[in-house]
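The values are calculated or read from the model by the stated rules, or taken from the named source; none is laboratory data. Since this is a predicted model, take the numbers as computed values, not measurements. Note that each Cβ is placed from the backbone with ideal geometry, even for glycine, and that neighbours are counted across all protein chains shown. All accessible areas refer to the heavy atoms of the entire protein, side chains included, with ligands and DNA or RNA removed. Shrake-Rupley method; radii C 1.70, N 1.55, O 1.52, S 1.80 Å.
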Protein chains: 2
Amino acid sequence: MASLKKPIISYFFYVAFSLLPYIVQAQNNTDDDAKFISSVHEFSLSKSECYAWLKSLCLDVGNRLSGSIGYKKAVALTSQQLKSIPSVTVFTQDAEVDVWQRGIKEVVEAIPQKGKKIKLNALAIGLSVGTGSKGIRAEVIEVQSLEEVDRLGREKISGKIVFYNRPMPSALVSTRSAYGQSIEQRGAGASRAAKYGAVGVIVRSLTTQIDDFPHTGALRYLADVPKIPAICISTLAAENLSALMKNQKVDIFMKNTSSIVGKSIDQSVIAEIKGSLHPEKIILVGGHLDSWDPGQGAHDDGAGCVQSMEVLHTLIALGYKPKHTIRCVLFANEEIGLAGGNEYARLAKQNNEIHIAAIESDGGGHVPRGFTFEADTSVIKPYFQKISKIVSPLLEPYDLTCNLGGSGADIGPLRPQKALLVGLKADSNRYFDFHHTSRDTYDAVHPRELQLGAAAMTSLVYLIDKYGL
Amino acid sequence: MASLKKPIISYFFYVAFSLLPYIVQAQNNTDDDAKFISSVHEFSLSKSECYAWLKSLCLDVGNRLSGSIGYKKAVALTSQQLKSIPSVTVFTQDAEVDVWQRGIKEVVEAIPQKGKKIKLNALAIGLSVGTGSKGIRAEVIEVQSLEEVDRLGREKISGKIVFYNRPMPSALVSTRSAYGQSIEQRGAGASRAAKYGAVGVIVRSLTTQIDDFPHTGALRYLADVPKIPAICISTLAAENLSALMKNQKVDIFMKNTSSIVGKSIDQSVIAEIKGSLHPEKIILVGGHLDSWDPGQGAHDDGAGCVQSMEVLHTLIALGYKPKHTIRCVLFANEEIGLAGGNEYARLAKQNNEIHIAAIESDGGGHVPRGFTFEADTSVIKPYFQKISKIVSPLLEPYDLTCNLGGSGADIGPLRPQKALLVGLKADSNRYFDFHHTSRDTYDAVHPRELQLGAAAMTSLVYLIDKYGL
């Protein structure tokens, strides 16, 4: 998950209203549905391939930054994995992406007036420019927000390195909301500081944990201010730096050589089962295939990719013949430009493809808690409460909920085409322990949790396919 | 969690009906409730002590089998922790327990006709007798169930070691149900095999994972058959043994010196805030303080203990003055006799104490998914849906459910006294990775998940205290 989108409600009223006739129909089919959805879960927990696919993606390919060799290997591997599913057509779609490279291992050191310098564990923020090979040294000033930078102004900021240190709030139940409240420091902090003459920024990592793993992620430079280098430091390093600054001036030495080195053509991987009745109408499931460069992109978003692949695998294995075309899309370039999602939507429009629904999994391979719908849930909710009633007798402790909420970055560009956009809501408590770090590895994903997410997606696809939207 | 109880419904209809007037009242107080419950969650996630308490219980005390020195240390530590909470009265309650000791490290070896013997990673089942210091050796016979032992009868079973190898089914969404379907092999397997002359049993560990960690747990010997030794082996060892047995006779050598060495007095630890309006009416929260001897008893049930302690801490810290007495009970001897729970209920009856509700946390410190109520949820559900509506606007992705279901072993003996019995339902996907093994350690508990469980319990106690039952 790279960013959080606000739901857009009004477009989808017509979608929700069209559900009503199906609610009656659903009642008559409850037993069949319960049986099928139960078999989906049994299959997913005992015979699915998604965990093995994730293992291979993480261990045989590893991380896969846009434009990297790893990304190309991931396209080849997942295409091959998808081709192993009978009755599935696999193809790719080009997208032009910026190629950003991290360069040398970053160095950030705090140099106090008194005492020894200390090293701070660091990762350059994605899309950041470099300091040059000699690095830069300047006095550091700690701030809590972009607004504080505005208040301090050129007098206090000019020539300095700005240290954004507002912690991601731990007291919120939703770590996604906590992330949403904190992301501006990483995303917009560099340009805001540059506006007042700062020479660089360092940013506290976005996690509620206090540990020594720096978290990367993307920034956005504004066009009208100088581009200055921006590096994230671990939360522990941030705590230590802040303590060091209490009674003295501290300089920061920072060095990174990251830069955008050019353009590349990356491919989104697409696989589909043609619909038997409405092949022209598409139900999309997807995640993004690119990842950040530390770790293996296991939770973000290898998990979402293999869960989407598993939807096709499970439906085929159970002999289900969909009425609509079920399409799995592994999007290119979510983390660092969204070129895959944008290109996909552009071509869908150009080719007059009709997407009745698009479901994205990009919240990690954690236990599924439900779905978030970019539609008015007061209308759509009865339908999904019915789904819940169908599911619950057989799957007693399996409580999925549906709420109004954002869906996913990659499917967002389909919004003007009036697809019902849905996000798989995975439990978020552990997500930001791993997000955009070297810890986001295969062994951090629990097989049952990953498999249940795939089963939840498959169940929803089945119900939408059967009852329409 | 040691065992699963079936819900008993009929007793509690009267409890549920008495809720109806409060539903109207609840509506008027929605804003206050939302504010308070929100503050409970904020406090729990940022200022609670439960995770620090768990750390100390696990690292300073460690495991605490009934009758052990560890158990006595745990009583002293948790009493001290509870006394640190202002306005709380702390006392203990004696319970006579059987003292079972594991003795020497168990040895289980498979000795095939051809090839080398292999060691199987093993743990004696709790309450098992020993083999004697020389061990026993006999031919092994693999079975899938108690019924298969009945079918094979004395002719096939006599003189052999019976190997129960039915896997805990991975295809079920609820690992608790899977556990419930498999537990008879561990609990009743020894006596069933002994009935037909078996000399010992080895049992596949109860987990859906294939790994090399044996899981212990308790057995029950029948009075009318010889007591034979019973040892669990890891699932990996079970897979290997089964494969070894495919084409040849295999002997098992097993050795353990476990036994019941006598009786001891263990103490349940009790702490309470006296009610301002109805001090004679009690709302109980609890877990069990004893644990198995491998690991640190972190999920089972250090988590439930510190969550229950946190309920008192949070309510006091937020300045809440309960109308009813809020009592936290850390029960002795859940794993190996239930003496603490039985004695607690006996004394409650003797002293005419009225328990309006009892909430147990004994499903691990995993993310809370809701509560299970030993009452008819079709009546009680509207009340808790109202609770959910109160909570959800402030805590959007926080979806707790309420279902009919078992509560907890320790509070079960209060059933005839017509307390509403409630279980905190923690997510069960990872629980049986750790359950009754050396892996059940402090670092396997995620602070946020533990804290959210405590917050959920505190919220429910608040609502029951405010609106009554």
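Suppose we keep just the DSSP beta bridges with both residues in region A:236-350; what percent of those would be antiparallel, to 5?
Close to 40 percent.
What is the average number of partner chain Cβ atoms found within 10 Å of a Cβ in B:423-429?
Mean shielding count: 3.
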Surface accessible to a 1.4 Å probe, A:Ser133 within the full protein complex, Å²: 90 Å²
Complex-versus-alone comparison for region B:30-68, residues with a loss of 10 Å² or more in accessible area, probe 1.4 Å: B:Glu42, B:Leu45, B:Ser46
A:Tyr51 - accessible surface, heavy atoms, 1.4 Å probe, Å² rounded to 10: 50 Å²
Heavy atoms of B:Thr89: accessible area, 1.4 Å probe, square angstrom to 10: 80 Å²
Carbon plus sulfur fraction of accessible area for the protein assembly as shown, probe 1.4 Å, in percent: 52 percent
Quotient of Cα Rg and 2.2 N^0.38 Å for chain A, N being how many residues it contains: 1.02
Counting DSSP beta bridges with both ends in the protein assembly as shown, the antiparallel % (nearest 5): 50 percent
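When only C-alpha pairs under 8 Å and at least 6 residues apart count, what is the relative contact order of region A:32-139, in percent?
It comes to 14 percent, rounded to a whole number.
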Average Cα contact separation per residue, chain B, under 8 Å, 6 or more apart, as relative contact order %: 24 percent
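Note down the magnitude of the dipole of region B:166-281 about its Cα centre, charges +1 on Lys and Arg C-beta and -1 on Asp and Glu C-beta and zero elsewhere, to the nearest 20 debye.
Working: 14 positive and 9 negative charges, 65 e Å.
Using Cβ point charges on Lys, Arg, Asp and Glu, region B:166-281 gives about 320 debye.
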Interface burial for A against B (accessible surface, 1.4 Å probe, total of both chains, Å², rounded to 100): 3000 Å²
Over 26 Å (Cα to Cα) - which of B:Lys119/B:Lys227; A:Lys119/A:Lys263; A:Lys47/B:Lys160; B:Lys72/B:Lys105; B:Lys114/B:Lys227; B:Lys119/B:Lys425 fall in this group: A:Lys119/A:Lys263; A:Lys47/B:Lys160; B:Lys114/B:Lys227; B:Lys119/B:Lys425
Anchor A:Lys418: lysines whose Cα lies under 28 Å away (excluding residues fewer than 8 positions away in-chain): A:Lys5, A:Lys6, A:Lys274, A:Lys281, A:Lys321, A:Lys323, A:Lys349, A:Lys381, A:Lys386, A:Lys389, A:Lys466
Cβ-vector label at 7 Å, A:Val107, separations to other copies in nm: 5.8
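Tell me the mean residue ellipticity at 222 nm calculated for chain A from its helices only (DSSP H runs of n ≥ 4, each -39500 (n - 2.57), averaged over every residue, nearest 500).
For chain A, the value works out to -11000 deg cm²/dmol.
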Extended-chain gain in nm, criterion 0.36 nm per residue less alpha-carbon gap, A:Lys73 and A:Glu184: 36.7 nm
Gyration tensor (alpha-carbon) shape descriptor, region A:126-266, a/c threshold 1.5: rounded
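Sorted by accessible area with a 1.4 angstrom probe, largest first, how do A:Tyr431, B:Tyr221 fall?
Listed by decreasing accessible area, they come as B:Tyr221, A:Tyr431.
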Shortest-first distances to equivalent copies, position A:Lys323, nm, label 7 Å out along Cβ: 5.2
Relative contact order (percent, whole number), region B:131-246, Cα cutoff 8 Å, 6+ residue spacing: 26 percent
List B:Arg102, B:Arg151, ordered by accessible area with a 1.4 Å probe, largest first: B:Arg151, B:Arg102
Inter-copy label distances at A:Lys418 (7 Å, Cα→Cβ; nm, one decimal): 5.9
Solvent-accessible surface ranking, highest first, for A:Ile316, A:Ile326, B:Ile265 at 1.4 angstrom: B:Ile265, A:Ile316, A:Ile326
Lys/Arg +1, Asp/Glu -1 at C-beta; chain B dipole; positive extreme among B:Tyr431, B:Ile231, B:Ala409: B:Ile231
Pair-distance profile P(r), taking every C-alpha pair of the protein assembly as shown, with 20 angstrom steps and integer %: 14, 40, 36, 9, 0
1.4 Å probe accessible area per residue over chain B, in Å²: 36 Å²
Cα gyration tensor shape for region A:51-163, rounded if a/c is under 1.5, else prolate or oblate: prolate
Other-chain or far-sequence residues with amide H under 5 Å of B:Val143's (modelled H): B:Phe163, B:Tyr164, B:Asn165
Debye log10 I(q)/I(0) for region B:273-368, one point scatterer per Cα, at q = 0.12, 0.20, 0.23 Å⁻¹: -0.41, -1.00, -1.18
